[in-house]
Every structure is written in C-alpha cells, then in structure tokens.
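One structure below.
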Amino acid sequence: MSEYVDHRPGLGNELRLALAFLTRLPIRLPAHVAEAPLASAVRAFPLAGAAVALAGAVAFALAWTIGLPPTIAGLIAVAAMAAFTGALHEDGAADFADSLGARDPAKRLAIMRDSRIGTFGVLALIFAVAIRAGALAYVADPLEAFGLLLAAAAFSRACVAHAMHALPMARADGLAAAAGRPNQARMLDTLAIGAVFLLALGPLGAVAALLAAGAATLAVERLARKHVGGQTGDVLGAVQQAAEIAILCAALAASSWW
C-alpha cells in the first residue's frame, strides 16, 4: 500500500494499534482496527513513545535507587526500552547500516531482508546503545532521566511519521508498503503532538532537540532516497534511532549552555 492514508479509526483505537505494533504489550485489537493500515495510527506514535520512555525511566530509577553507577543505570534503561519494543527500531537501524556497504540499490534491499547482521550493523547497534546510555549517565536524578527519555522517545517516533509521508516506497511489498503513507495533515498533527513532549527539556533544550531531530531525520531520509530509493521498515527504524540520539545529545548540549 503506497497511497496516502486518510482512514481515521479514532485516537483511542490509533493508540491501541500503535502500541500493538511498536511495543510488546499484549494489545487485543478489534478486527476493524487490526485491519487498519499502520499509517492511520501515526498520531499515536508519540504516545507509544511515552510508554516506552516510562519503561526506561522505571528501570533507570530502580537501578539508581539500589546504588548502581549512572552509566550502568543508563544501560539498564536502554535495555528495558529495547525489551519493551522488541528492539524493533534497533533491528531496523542495524539492517539499514549494513545495507549502506553494498554498491547498488537492489543489493542493499536484499541485505536489509537478510536476517544476518554484518559489521556495519553491529557498529550501529554499539554506538546507538552506548550514546543513549552515556547520555543518561549525565542526568542529575531519575526525574530528569524521565524527562529526557520522554522527549527523546516520543518525538523520535513522531519523526518516523515524517519519513513515512516524505519518502516513496523502496519496494512494492514489505513492512513499509503494508503500513502505507500518512497524509500531510496527519503527519503534521503527529509532529505537533510529539513536540509537546519536547517541553520536558525546557525552552532551550526543546528548541535544540527539535533542530537536531529534524536534521537527523532529513539526513537519514536523504540517505534512503539515494541508496535504496525510499522507505522500508528498516529505514523507518533508522530514522527513529537517529532522531532519538540527536535529541539526547542536543538536550545535554543545551543544558551545558544554560
């Protein structure tokens, strides 16, 4: 399904659909909701991201409370979020990174469908986990960690909606094709909802995170257009990871300026 999606199941059902797909929560969906394309639920992506952030924040707080060092607490938080989502986005980012080592679009698309992981994918995972855990190591307390995770997890998933709208399909089948493309109004609604969560970073942090996430999203979109011809599920995972990392880094940088 490559056309723009206008189907509106209602925000409550959109949230259920988003949680069912983006997390490992055992969400039971009515038939009419289960049959709706994922693109119809993008407005709930930031809300699903908030649930992911809560899982990470609880894990961080527990680790902090028992006296573990901040770096270990950060790693535990990232692990909890990956477990909560089934490492959906991490897997996509690793596959997309692997594909960039090939010389032509057809080979790159084939690599992204290969269940094996290569050197580029391993490095992408290492850096993604290390940077996110490292960022959490610099927070002052669990409450600040929650605010940072909330902003990063929610708005990075709003950025996925932008990529779904902006990029053509790289192939006629697969996850992205089945998900469809949200129309512009729905994409803008999603970005606006996600931007609300950036306020957890304060005015300066929110602006810095918005700009950084936008730059990261556009950079991955440009790579995807050039190297594979558009979006796949793996490309969308790479967008989420890149935007989340950009938000965390920008928020920390902004806190040092203030």
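The values are calculated or read from the model by the stated rules, or taken from the named source; none is laboratory data. Just so it is clear, the structure is predicted and the values come from calculations on it, not from any experiment. So basically every Cβ, Gly included, is an ideal-geometry build from the backbone, and we count neighbours across all protein chains shown. These area figures cover heavy atoms from the full protein model, side chains too; ligands, DNA and RNA do not enter into them. Shrake-Rupley method; radii C 1.70, N 1.55, O 1.52, S 1.80 Å.
I need the shape label for the range 70-114. Rule: rounded when a/c is under 1.5, else prolate if a/b > b/c, else oblate, with a, b, c from the alpha carbon gyration tensor. Walk me through the intermediate numbers first.
Numbers: a/c = 6.44, a/b = 2.70, b/c = 2.39.
It is prolate, given that a/c is not under 1.5 and a/b is the larger ratio.
Ranked by accessible surface with a 1.4 Å probe, highest first, in what order do Phe120, Phe84 come?
Numbers: Phe120 105, Phe84 45 Å².
The ordering from most to least exposed comes out as Phe120, Phe84.
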Two-site label geometry, Ile72 and Leu199: point separation in nm, points 7 Å out along Cα→Cβ: 3.8 nm
Stretch in the chain that is longest and holds no trypsin sites (Lys or Arg not before Pro) that DSSP places in a loop and that have at most 15 other beta carbons within 10 Å: 117-258
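Are there any GluC sites (Glu not before Pro) in the range 1-94 that are in a DSSP loop and have at most 11 other Cβ atoms within 10 Å? List them by number. Could the numbers behind the result be given before it?
Working: sites: Glu3, Glu14, Glu35, Glu90; in loops: Glu3, Glu35.
Listed in order of number, the matching sites are Glu3, Glu35.
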Summing Lys, Arg as +1 and Asp, Glu as -1, what charge do residues with Cβ under 11 Å from the Cβ of Met187 carry, Met187 excluded? +2
Pairing the Cα long axis of helix 184-198 with the longest principal axis of the chain, what angle in degrees results, from 0 to 90 and rounded to the nearest 10? 10 degrees
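Quantify, in whole percent, the carbon and sulfur part of the accessible surface of the chain (1.4 Å probe; protein heavy atoms only). Working shown, then result.
On the way: 7580 of 11340 Å².
Here carbon and sulfur together make up 67 percent of the probe-accessible area.
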Expressed as cubic angstrom per residue, what is the convex hull volume of the alpha carbon set of the range 124-169? 72 Å³
Tilt relative to the chain, helix 88-99 - C-alpha long axis, 0 to 90 degrees, to 10: 70 degrees
On a 0 to 90° scale, report how tilted helix 142-166 is relative to the longest principal axis of the chain, with both axes built from alpha carbons and the result rounded to the nearest 10. 20 degrees
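Eigenvalues of the Cα gyration tensor times 5, then square-rooted: what semi-axes does that give for the chain, in whole angstrom, largest first? Intermediate values should be presented prior to the final figure.
Working: eigenvalues 151, 91, 60 Å².
Each semi-axis is √(5λ); the values are 27, 21, 17 Å.
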